[in-house]
Amino acid sequence: MGRTRAVIWLHAIRARRYLLSMISSSLTDTLWIVTLLLGFVLSGKTQLLAENLLGLIAWTIISNSAWMISGWVDYLGVLGLIEEHEARGTSVFLVLTGRIIPLLLSSGITSTITLIIFRIAGAEIAIHYPIHVLLTLILLVVQSAVYGLLLGALALKTGIPGYMFDIASLAFLGLALMPINEERLSQIIFVPLLGPQLATKLAGQQPLDSHLLFLLFLTTLLQIPILLVVIKKVSRDIQKTGIKIIGEL
């Protein structure tokens with residue numbers, strides 16, 4: 001627990017120190033969201049704002065997981081901190097997991113600014129089932145963390161930055177605006193990241209059926225053993241052959 005508390009403290013302190021940088025990144029995500037939703041406003045389809053906003057907020061979590069979690073492998077490598085953490089018995093993957101803190105802060109800032117912009121513009125965005133939305137977002141955060149850690153493991157194994165392997169960010173940006181209903185969601189709910197993203201979008205319109213929530217929870221749960229196996233394999237390889245990333249002497 002001591003190492004876990006230290007990692008949480010590390011990322012909380014860094015989030016405070018680099019708050020302006022985080023706000024800048026969040027503003028970029030906000031511009032993406034506002035630009036995409038502006039089409040619905042101009043066409044008079046304001047009733048679709050809430051559900052598509054939720055889909056795009058979910059997308060920011062997916063997108064940020066690639067940069068804020070796996071992207072930190074390069075940062076740690078340049079500073080030579082991967083070896084330092086490992087020498088002190090702290091797994092680099094524990095450090096990367098702590099990046100969930102700035103990930104959530106960044107997405108939260110993006111959501112807040114976006115809502116303020118549309119409120120000022122006079123557009124009403126009503127979310128009728130916030131508990132269901134919250135549940136799906138929690139599961140999405142878990143899946144996004146798994147995704148980011150897997151990309152980080154690939155970066156450590158191959159020497160290629162994790163975000164270079166990222167295919168979900170752009171692919172799921174367009175899919176965040178697709179029409180969704182329970183029947184369609186039940187067909188794709190097992191797709192990692194996309195399932196909880198569209199479930200979040202649907203949860204803003206109607207309460208999710210219990211079997212959909214169960215399937216989403218099961219899908220999320222099944223991803224964790226896969227991640228643990230990969231982490232164990234990569235950690236063992238690191239100890240034997242060292243890391244394969246671009247750093248400095």
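The values are calculated or read from the model by the stated rules, or taken from the named source; none is laboratory data. Remember, predicted model here, so these are calculated numbers, not experimental data. With ideal geometry, Cβ positions are generated from the backbone for all residues, glycine too; neighbour counts draw on all protein chains shown. To get the accessible areas, we keep the full protein, side chains included, count just its heavy atoms, and leave off ligands, DNA and RNA. Shrake-Rupley method; radii C 1.70, N 1.55, O 1.52, S 1.80 Å.
Observations
- Largest GNM mean-square fluctuation across TYR163, TYR18, TYR129, computed for the chain with C-alpha springs under 10 Å, falls on TYR18.
- A DSSP coil position with no more than 13 other Cβ atoms inside 10 Å describes the following GluC sites (Glu not before Pro) in segment 74-180: GLU124.
- Once the mean of 1/r is taken over each pair of separate Cα atoms and inverted, segment 1-133 shows a Kirkwood hydrodynamic radius of 16.6 Å.
- Rolling a 1.4 Å probe over the protein heavy atoms leaves LEU115 with an accessible area of roughly 80 Å².
- Top of LEU150, LEU94, LEU140 by mean-square fluctuation, Gaussian network on the chain, Cα under 10 Å: LEU94
- Net length gained if the chain between TYR75 and LEU218 were fully extended (0.36 nm per residue, minus Cα distance): 48.1 nm
- Lysines with Cα under 25 Å of LYS157, excluding same-chain neighbours fewer than 8 positions away: LYS232, LYS233, LYS240, LYS244
- Residues of segment 86-109 with amide N under 20 Å of the 7 Å Cα→Cβ point at ARG3: 86-101
- The lysines within cross-link reach of LYS201, meaning a Cα-to-Cα straight distance under 23 Å and a gap of 8 or more places when in the same chain, are LYS45.
- For the pair SER21 and GLU183, the difference between a 0.36 nm per residue extended length and the Cα-Cα distance amounts to 54.2 nm.
- For segment 137-152, 3J(HN,Hα) computed residue by residue from phi via the Karplus equation (6.51, -1.76, 1.60; θ = phi - 60°) reads 5, 4, 5, 5, 4, 4, 5, 5, 5, 4, 4, x, 5, 5, 5, x Hz, glycine and proline entered as x.
- Among ARG3, ARG184, the order of accessible area from largest down is ARG3, ARG184, computed with a 1.4 Å probe on protein heavy atoms.
- Most mobile of PRO192, PRO161, PRO225 in a GNM of the chain (Cα contacts under 10 Å): PRO225
- Ligands, DNA and RNA left out, the accessible area of the chain computed with a 1.4 Å probe is 69% carbon and sulfur.
- Heavy atoms of the protein chains alone define the surface here; on that basis the chain has 51 Å² accessible area per residue at 1.4 Å probe size.
- Taking 0.36 nm per residue of separation and subtracting the Cα-Cα distance, full extension of the segment from TYR129 to LEU227 would add 32.1 nm.
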